[in-house]
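All remarks here apply to the structure that follows.
No lab work stands behind these numbers, since they all come straight from the coordinates. Quick caveat, the model's predicted, so the values are computed rather than measured. Here the Cβ positions follow ideal geometry from the backbone for every residue, glycine too, while neighbour counts run over all protein chains shown.
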Protein chains: 2
Amino acid sequence: MFETKLTRLLKIRYPIFQAPMAGGPTTPELVAAVSNAGGLGNLGAGYLTPEQLRSTIHMIRQLTDQPFGVNLFVPEQPIESEEAIDQMTAYLNQYRIELGIATNPLLPKFSESFEEQVQVLLEEKISVFSFTFGIPPHDVIQAMKERGTVIIGTATTVEEAKCLEVAGVDAVVAQGSEAGGHRGTFLKNNSDAQIGTIALVPQIVDHVSIPVIASGGIMDGRGLVASLTLGAAAIQMGTAFLACPESGAHATYKQKILSANEDATEITRVYSGKAARGIRTKFINDMHHYSGTIPAYPIQNAMTRDIRQAAAKSNNPEYLSLWAGQGLRLANDGSAAAIVKQTIDQAYVLVKAMEKTLQEEG
Amino acid sequence: MFETKLTRLLKIRYPIFQAPMAGGPTTPELVAAVSNAGGLGNLGAGYLTPEQLRSTIHMIRQLTDQPFGVNLFVPEQPIESEEAIDQMTAYLNQYRIELGIATNPLLPKFSESFEEQVQVLLEEKISVFSFTFGIPPHDVIQAMKERGTVIIGTATTVEEAKCLEVAGVDAVVAQGSEAGGHRGTFLKNNSDAQIGTIALVPQIVDHVSIPVIASGGIMDGRGLVASLTLGAAAIQMGTAFLACPESGAHATYKQKILSANEDATEITRVYSGKAARGIRTKFINDMHHYSGTIPAYPIQNAMTRDIRQAAAKSNNPEYLSLWAGQGLRLANDGSAAAIVKQTIDQAYVLVKAMEKTLQEEG
């Protein structure tokens, strides 16, 4: 009953996407479990090396024969300011000392090669390619299309959705301000676009003719039916899957997801240099008083990596990036399959109840 | 078909509230037109003197015999910093010179007497009393109840909604971050709560047993059905009614509402000292570079009043407070009755379509 044009295109049973949460949560087990349950699992592959990417795709394929997606970050060319980098290195040393790791580390590699990642996806002929932070070059989109891959972009404004449609994507994720993790905003004049899902989805739907996937603050069957009502062809849920047993999120991160309230998050640039929504930590609070310039993504992301890794090792959530959306009170630790089933069952009950109201009134 | 527990309590036909937009938009004509169309018109009376309040209620009653609401601001006691006030006065003088009005005006009265406003509402035995910015004293709530007035508070977090329920309100408006105008946030530790409607409504619904009214980014029948699905008993729409012929918004303000996009707004304290969402103006942009402290509400509100009034006279939108939500592309200039009817008609079509999908699948 929740079949849409998009579910038919993707050959999936339910219009439920598990969000591609890069950096650990989207294990092969999570992606496969969601796809096996009738949704679309999505691998957040932005930080994976080409070799890791290929082997992870193979692992997912051993766990499911259903379609799944792979999400990449469209690269950006930040302007490197040596002064900002030096000042940040010096500042971050206090955390390194606290965590017992080496100070003044050499600047690590900023990011993986997008071209090499794309090459792996082309060779692997994946079902769905999604991306965020921009629009890939035309030849990448063309090559994906030739292999029969469905292409999905990410927009945070109507203007971005229109640009993606012109670029030839098959569908667009409308990322509302409630969403956890990195903001997909890529047009400079939309830089602070934080449009709530209930406002963003119908406005994008009115201005593009491709299917729209609602994301941001959606956690259950209520969010599913509400989103379909707003005109979406599917929903994408991230936070809802973060505390699953299949999720690769750190145990202390899962515990935070299960105990935090709806007002626990803020949008911050302190972990990666790019705006992202996460649960407030000591690191975020400290950085409110940082007087220097935060290096742009992906520089800051690379610069804080050793600290986040050391914090994970010592089970210290205060220096971890705890990406999360605003639906936190609705998170639970059921299996991925149970979350998909609960969402569909609740949605079915809601639609039935609405039907009943209509019938009673004749 | 959109009857709810709340519509029965309020004796209204449709679960559609017109938001109480203080400062001009909610004319007696607008309030009465919405109530006559089957919704609940609401007078934004926060800035009215007791005399104005009484005469406006009488005017509305001449135009409708249907229930309507009156909204007040729960008072706050700001700490007056003479230094901040002096610095702001000096800064604002540049605009006064530009607009050709007197510089260094005497500090005006900060706000109307809440006690006197309440007294008028009690004497007038109004149908619905709503409020924002806090919780009125217990005796006010008690006195309203004794007169059969339905009491509605405003919450921006689950915690605030729970406090309001304990205080004895009959229903609560869940104000999502998309909403235009002042944020209703009143708990200090929720001070930056900007939770999107699609996330806020179900979380509040899960934690209170009184009816919840969804507000923020809702502009049409899609928003109505989505909100009911999320568990709301009604919706409140402000921006959707701002450009109505019955709205008292300034002509240049209406023109901005009809031409602006979803990303045109930001939340700012520069006009009133309290966070509020409005369309970006030269005044907002200028104030990003103001180095002093912005006096708290209602001081700053009183201090900018002469500038806003002069800007209105000279049709200059750049110094007006153009409160608006994030659903801007969906605004139209139809009559209030037409907006209520369109919303209900569209909602009906949406529910029918869902019913049809169910039937087709047997």
Review point. Over all distinct Cα pairs, what is the inverse of the mean 1/r for chain A, reported as the Kirkwood hydrodynamic radius in Å?
Key: 20.7 Å
Study note, to complete from the structure: Taking every other residue with Cβ under 11 Å from the Cβ of B:ILE204 and scoring Lys and Arg +1, Asp and Glu -1, one gets -3
Practice item. Provide the descending list of Cα extents for the range A:1-74 along its principal axes, expressed in whole angstroms. Key: 39, 27, 18
Point to revise | Rounded Å value of the spacing that divides the Cα centres of the range A:222-299 and the range A:88-132 | key: 18 Å
Practice item. Within 10 Å of each residue's Cβ, count the other Cβ atoms and sort B:ASP170, A:ASP263 from fewest upward. Key: B:ASP170, A:ASP263
Review point. What ³J(HN,Hα) values, in whole Hz, does the Karplus curve 6.51 cos²θ - 1.76 cosθ + 1.60 give for the range A:196-209 when θ = phi - 60°, with x put for Gly and Pro?
Key: x, 4, 5, 8, 6, 4, x, 5, 5, 3, 5, 10, 10, 10
Exercise for review: For chain B, find the longest principal axis of its Cα atoms and tell me its angle to the long axis of helix B:336-360, 0 to 90°, nearest 10.
Suggested key: 40 degrees
Review point. Which of the aspartates and glutamates could be linked to A:LYS313 by a straight reach, that is with a Cα gap under 14 Å, when you skip same-chain ones fewer than 8 residues away?
Key: A:GLU98
Revision key, fill the gap. For A:ARG61, inter-copy label-point distances (7 Å, Cα→Cβ), nm, shortest first, read 7.7
Exercise for review: Taking a label point 7 Å out from Cα toward Cβ, give me the nm distances from A:SER81 to the same spot in the other copies, shortest first, one decimal.
Suggested key: 2.6
Practice item. Show the residues, 5+ positions off or on another chain, whose built amide H is closer than 5 Å to the amide H of A:TYR297. Key: A:LYS274
Point to revise | Helix-derived mean residue ellipticity, 222 nm - over chain B, DSSP H n ≥ 4, -39500 (n - 2.57), to 500 | key: -13000 deg cm²/dmol
Revision key, fill the gap. Rounded to the nearest whole number, the per residue volume of the convex hull around the C-alpha atoms of the range A:194-272 in Å³ is 137 Å³
Revision key, fill the gap. Shape call for the range B:108-167, from the Cα gyration tensor axes a ≥ b ≥ c (a/c under 1.5 means rounded, otherwise prolate when a/b beats b/c, else oblate), comes out oblate
Check your understanding: What nm distances, shortest first, do you get from the label point of A:LEU9 to those in the other copies when the point sits 7 angstrom along Cα to Cβ?
Key -> 4.3
Revision key, fill the gap. Listing A:PHE110, A:PHE2 by rising number of other beta-carbon atoms within 10 angstrom, fewest first, gives A:PHE110, A:PHE2
Review point. What are the ³J(HN,Hα) values, in whole Hz, obtained from phi via the Karplus relation 6.51 cos²θ - 1.76 cosθ + 1.60 with θ = phi - 60°, for each residue of the range B:37-50 in sequence order, with x given for Gly and Pro?
Key: 7, x, x, 10, x, 9, 8, x, 10, x, 9, 7, 5, x
Check your understanding: Amide H to amide H, which residues 5 or more places from B:VAL128 or on other chains are under 5 Å from it, using H placed in the peptide plane?
Key -> B:PHE68, B:VAL70, B:VAL150
Check your understanding: When A:CYS244, B:CYS163 are ordered from fewest to most other Cβ atoms inside 10 Å of their Cβ, what list results?
Key -> B:CYS163, A:CYS244
Revision key, fill the gap. Unit-weight point scatterers at every alpha-carbon of the protein assembly as shown, Debye formula, q = 0.06, 0.07 1/Å: log10 I(q)/I(0) is -0.36, -0.49
Check your understanding: Peptides A:29-41, A:59-71: what's the order by average Cβ count within 10 Å, highest mean first?
Key -> A:29-41, A:59-71
Revision key, fill the gap. Taking a ≥ b ≥ c as the square roots of the Cα gyration tensor eigenvalues, with a/c under 1.5 meaning rounded and otherwise prolate when a/b beats b/c or oblate if not, the range B:55-102 comes out oblate
Revision key, fill the gap. dims of the range B:215-329, Cα set, principal axes, largest to smallest, nearest Å -> 45, 29, 22
Check your understanding: What ³J(HN,Hα) values, in whole Hz, does the Karplus curve 6.51 cos²θ - 1.76 cosθ + 1.60 give for the range A:322-334 when θ = phi - 60°, with x put for Gly and Pro?
Key -> 9, 3, 6, x, 8, x, 3, 5, 9, 6, 9, 9, x
Check your understanding: So which lysines pass the test for B:LYS5, namely a Cα distance under 27 Å, with those fewer than 8 places away in the same chain ruled out?
Key -> A:LYS352, A:LYS356, B:LYS125, B:LYS145, B:LYS162, B:LYS341, B:LYS352, B:LYS356
Point to revise | Rel. contact order, % - alpha carbon contacts under 8 angstrom, at least six apart, chain B | key: 18 percent
Check your understanding: Can you give me the relative contact order of the range A:1-84 as a percent, contacts being Cα pairs under 8 Å and 6 or more apart?
Key -> 29 percent
Check your understanding: Taking springs between alpha-carbon atoms closer than 10 angstrom, which of B:MET88, B:MET21, B:MET303 fluctuates most in the Gaussian network model of chain B?
Key -> B:MET88
Review point. So which trypsin sites (Lys or Arg not before Pro) in the range B:79-135 end up in coil per DSSP with only 15 or fewer other C-beta atoms within 10 Å?
Key: B:LYS109, B:LYS125
Review point. Can you give the angle from 0 to 90° between the axis of helix A:158-167 and the longest principal axis of chain A, with both taken from C-alpha atoms, to the nearest 10?
Key: 80 degrees
Revision key, fill the gap. Amide H neighbours of A:SER215 at under 5 Å, excluding residues fewer than 5 places away on the same chain, with H built from the backbone geometry, are A:ALA174, A:GLY176, A:GLN236
